[in-house]
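One structure below.
The values are calculated or read from the model by the stated rules, or taken from the named source; none is laboratory data. Because the structure is a prediction, the values reported are computed rather than measured. A quick note on method: Cβ atoms are made from the backbone with ideal geometry, for glycine too, and the neighbour counts reach across all protein chains shown.
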Amino acid sequence: MAGFRVRRRRGAHELEVHDADLAKRAGAALFAADERIRATADELGFAEAELEAGATMLLGEALVAARRQLSDAFRLNRLNHDAIPGSADEVRARNLRIVQLCEWIEDVLDEQTSALADRMSRARRAPEIIAFVRAETERLRARTPYARETIDRLAARYAREALVDVEENLGEVEQLLAFAEHSLGVAERRREAGLRGDASVALEASAASVRRAATLLDVVETFEVEALRAEATLGAVAEQSRRQLAVALEEPQSHAVANASSELRAALADLPPVGVNTHPFAHLNRLREAHAALDAATSAARERATRQLPPAGHVYQVIRHADRQLDAARDAIADHPGWIGAEALMRLAESERIRIDLGHSLGGSAATIPLTDQNHRDRVIAMARRVADLAGEALYLARRDVDAFRSQPATARS
């Protein structure tokens, strides 16, 4: 008994220490949240002086919500310091709520001040960004003649359809650079008028256009190298495909192998002769797809040829087992009319339906099953097993229903 009192006093002491620590945390959180709101209000004032009102609206709304939550937190703190603060559990719950409210204030203000800092940084760097975008625009314009020469050089070697995308790139580059210059002018005029928000939008649009134009020019310049690589790879893949066709003739044959072989031969036949402009990417992709299809078809045919057929006796055994299960379920249900629920009847009906389909699939008695048709044999075994499974479920459910019916009082049965 003494030991029990010692443990009880120890637990009470630990709880008192925990409550004291929690109260300190709540007080520190209140002080920090109050200071954070004051500092954020100052940041908002500085931001409103540099940016337009719309850019600071979200932070202003966050401050209003934070002050409201801080007011609730102070109210809870006052209740905890009243002459009659309530039970220890109530005080503890209030302190926990104070900590939660202050953490929410910190999180919301962190999110909004971070976003506002980014906007202010961009606004302060606007002259630097304008100069950079203008220099990039001039540099990209200087690259366009070289890109045009590259396309002319490619046109002498590759088919017209292979160059459609890169030729369109040059036209889009001209449009993007013109848009970037126009947007820069808008940004400068809005900035001079004090419309910092509009200036930021126009400047970002200009910078995005320049980035897109640079990407398109890079594509034009790297296309030549990629086309040469594709052209070199095409010859190697074509030679590999011819060897693959020869090997496929020695592999087990199937309808899929024949179709894939025909497609690969057609892809090889469509390769242009030497000296004719070609579309290396299109031909390479077609050869690779046909090559992969023939690989998959020959692998499947090889696996099917090496897979051992289940003996015919096993097939007959599976069917006989299914029929026995079905007969047992039928007898159990027929012997107890009115006792069996809908679930068991549904399982039995589904089993009988599949057994009828199985009979159609056999085309007669089980003895007529083709012994060399693997697909047919697999399908028959799967259907017979499904018949047995459903019949077994119907039998189990029927026995359960019979047991439930027998356990009812005689008055309920009638």
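Taking first residues from region 32-52 that are surrounded by 16 or more Cβ atoms within 10 Å (Cβ to Cβ) and partners that are at pLDDT below 80 and among the polar types (S, T, N, Q), the Cβ contacts under 9 Å between residues at least 6 apart in sequence or on separate chains come to Leu44/Thr56; Ala47/Thr56; Leu51/Ser200. Among all residues of region 177-186, there is at least one that is over 35 Å from the mean Cα position of the chain (by Cα), hydroxyl-bearing (Ser, Thr, Tyr), surrounded by 18 or more Cβ atoms within 10 Å (Cβ to Cβ) and modelled with pLDDT of 80 or more.
For region 161-218, give me each residue that is basic (Lys, Arg) and free of Cβ contacts under 8 Å to residues at least 12 places away in the same chain. Those that are basic (Lys, Arg) and free of Cβ contacts under 8 Å to residues at least 12 places away in the same chain: Arg189, Arg211. Scoring Leu154 on the criteria (1) within 25 Å of Ala208 (Cβ to Cβ); (2) in contact (Cβ under 8 Å) with a residue 40 or more places away in the chain leaves a single failure, condition (1).
Residues that are surrounded by 12 or more Cβ atoms within 10 Å (Cβ to Cβ) and either without any contact (Cβ under 8 Å) to a residue 24 or more places away in the chain or in contact with a strand residue (DSSP E or B) (Cβ under 8 Å, 6 or more places away or on another chain) (or both) within region 259-269 comprise Ser262, Arg265, listed in sequence order. Where residues in region 74-115 are of a type in the set (Val, Ile, Thr) and under 45 Å from the mean Cα position of the chain (by Cα), which of them is nearest to Leu44 (Cα to Cα)? Selected residue: Thr113. For region 152-174, the count of residues that are closer than 30 Å to Ala32 by Cα, in a helix (DSSP H, G or I) and out of contact with any Ser or Thr (no Cβ under 8 Å at 6 or more places or on another chain) is zero. Across region 360-374, a minimum of one residue is classified as under 30 Å from His255 (Cβ atoms), β-branched (Val, Ile, Thr), modelled with pLDDT under 80 and surrounded by 13 or more Cβ atoms within 10 Å (Cβ to Cβ).
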